[in-house]
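Below: one structure, written as structure tokens.
Bear in mind these aren't lab numbers, they're just calculated from the coordinates by the rules spelled out. Quantities reported herein were computed from a predicted structural model and do not represent experimental measurements. When we count neighbours, we look across all protein chains shown, and the Cβ atoms used for this are built from the backbone with ideal geometry, even at glycine.
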Amino acid sequence: MVSFVQVDELLAIQRRTVRVLAMGQVLGGFGLGSTLSVGALLAAEISGSTALSGLAATLSTLGAATWAIPLSRLAYAKGRKYSLATGAAIAIAGAITVITAAAVSVFAILLVGLFMLGAGSAVSLQARFAATDLPHSKTRDLSLVVWATTVGAVIGPNLFGPGQVVGNYLHLPHLTGPFLFTIVAQLASTSVFWLGLRPDPQKLAQELAAGEISRKAKISFASAIATLRQHPWAVFAIISIALSHMVMVSVMSMTPVHMQEMGYDLVVVGFTISLHIAGMYAFSPLFGMLADKIGNVRTVLLGQFTYLLALGFAGFGQHNRVLVTVGLFLLGLGWSASTVSASALLAKTLPPSEKANVQGLSDSAMNLSGAIGGGLAGGILTAVTFGGLNAAALAPVLVIVLASFMYTARHSH
């Protein structure tokens, strides 16, 4: 019987699960590292408007928000590997649609493709929570899965050039070559998840907590809201995750457009974005350990302070490539500190029977916030320059800081 699984056996399963999730994230990162940035360039090219380039981030993150909830429910019903494989299949279809949109130069089809590609981001986000399914999991496990995205995600933007070479060789439309790498990467990561997640951590966790699950089997938006009412620190965690993502997406998604206007080619743009993504993922284990040491809320605040530095460098140094690059790297660090610590806080706060349900809601809120940030960013960039965009991004940072003081005053954790 699963209920009699020994602790040492459970720990061995957890270690293997984290290794599988990490390997899948490494491979999946190759595909996700470039799609958002190239999508913004494609949107500007096909639409003929810089202001509309922000819709690339909007549709991609809106897609991730939309797919997060049904994929989390599929994970609850069938297991993590079914959910992760389904999300990857949707993302692959999205990459094919993007290439088709560029071939026929139809902006609406491009937006549909980017919306479907958002499922890849939803898969990546769900994988980090899969590391917390089993008993005895630690913040370090979640941060290691986040960290594993580093390799592919950092290399991904630097595949702009090689992607174009491959795309030209195959006579694909301009800027669509990198999406071939997305297709291959999603196929590879899905194979790892499908073959490696045995036993499936979500299903095993359900069997270990069979009594509680049977009493609270209803998975819905209403039950997620009811759970959040009972766990106020989970609400703070979701606010921190969502608004931190809004800051990151709004500035990062417009950086390629801004740098092209400065006269830099795709190689330089790709290098800048790769450093930003290194900041997002490479140091996540350090933030995981720091959160365990000084507390999750303090680490969230550290992330917001890092955002202040990032927005200052990128905003005031908007005409200096080095300062913009430094700002983008710090922007990645701020995202990492905030997201790792807030995600760990959410996982620790929730009861086992409601984890997948509320985590799906959290990922949806995170990506909706990113969609709003990306959607507004193009217009703000056009109206008040890149410096003005960085200044506007201070607003969500201030909201998180104020919320931390309010929750600390009202609730003990």
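The table that follows gives values for the structure above.
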item	result
Added length on full extension, which subtracts the Cα-Cα distance from 0.36 nm per residue, V104 to H171	22.8 nm
Longest to shortest principal axis, alpha-carbon extents of region 7-121, angstrom	59, 25, 22
Cβ crowding within 10 Å averaged over residues, with 94-101, 385-392 ranked highest first	94-101, 385-392
FRET E, pair D8, F221, Förster distance 35 Å, beta-carbon r, rounded to 0.05	0.35
Protection proxy ranking, peptides 164-177, 103-116, average beta carbon neighbours within 10 Å, highest first	103-116, 164-177
Max mean-square fluctuation residue, GNM over the chain, Cα-Cα springs under 10 Å, options R73, R321, R229	R229
Sites A395 and F316 - FRET efficiency at Förster radius 22 Å, r taken between beta-carbons, to 0.05	0.80
P(r), alpha carbons of region 176-320 - 10 Å bins starting at zero, rounded %	8, 22, 28, 28, 11, 3, 0
The chain: most fluctuating residue of A68, A119, A395 per GNM, C-alpha cutoff 10 Å	A395
Burial ranking of peptide ranges 343-351, 370-378 (average Cβ count within 10 Å, highest at the top)	370-378, 343-351
GNM result for the chain, Cα springs below 10 Å: residue of S143, S220, S240 fluctuating most strongly	S220
Debye intensity ratio I(q)/I(0), log10, the chain, q values 0.06, 0.09 Å⁻¹ (C-alpha model)	-0.21, -0.49
Length gained when the stretch A209-R73 is fully extended (0.36 nm per residue, less Cα-Cα span)	47.2 nm
A409-L323 pseudo-label distance in nm [points 7 Å out on the Cα-to-Cβ vector]	3.6 nm
For region 81-189: rounded, prolate or oblate by the Cα gyration tensor [a/c cutoff 1.5]	prolate
